[in-house]
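K.L.:
Below you'll find the structure I mean.
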């Protein structure tokens, strides 16, 4: 199973955006994978606040809006790579789904919410990818 390697530490910027304070790392695929997403300090995240989310996913629980998978997805969309190798938007979205399933495995609606967010980024992520 994949895993988050470091705690997520953020600093508020303006109430909508947050700055990553320390390197935030996530193993892709399995705990022992050599594929690691690193969100560098200073990177900015808006968590799960893509404008369409407000209209379509206002019902998301707080743990889905402000959680570890979102900065990972933001970094994948920003860099379009993992350890220097290019990735597709589809792969970035799959990693996002994987991270949500890991982060929310103990939440009652975790799997349902993860798949709903995944469908959302598959349908509308192209707006920010390019």
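K.L.:
Look at residue 22 and say whether it is over 19 Å from residue 91 (Cβ atoms), assigned to a loop (DSSP other than H, G, I, E, B) and within 14 Å of the chain's Cα centre (by Cα). Reasoning before the result, please.
P.N.:
Details: over 19 Å from residue 91 (Cβ atoms): yes; assigned to a loop (DSSP other than H, G, I, E, B): yes; within 14 Å of the chain's Cα centre (by Cα): no.
No: the conditions fail for residue 22.
K.L.:
Of all residues in region 78-94, count the ones that are touching a strand residue (DSSP E or B) at 6+ places or on another chain (Cβ under 7 Å) and under 18 Å from residue 2 (Cβ atoms).
P.N.:
3
K.L.:
Moving to a separate point now. Could you list, in sequence order, the residues of region 75-130 that are modelled with pLDDT under 90, surrounded by 17 or more Cβ atoms within 10 Å (Cβ to Cβ) and assigned to a loop (DSSP other than H, G, I, E, B)?
P.N.:
125
K.L.:
Name the single residue that is nearest to residue 3 (Cα to Cα) among those in region 30-48 being in a strand (DSSP E or B) and in contact with a helix residue (DSSP H, G or I) (Cβ under 9 Å, 6 or more places away or on another chain).
P.N.:
Filtering region 30-48 for residues that are in a strand (DSSP E or B) and in contact with a helix residue (DSSP H, G or I) (Cβ under 9 Å, 6 or more places away or on another chain), the one nearest to residue 3 (Cα to Cα) comes out as 37.
The values are calculated or read from the model by the stated rules, or taken from the named source; none is laboratory data. Quantities reported herein were computed from a predicted structural model and do not represent experimental measurements. Every residue, glycine as well, gets a Cβ built from its backbone with ideal geometry; the counts of neighbours run over all protein chains shown.
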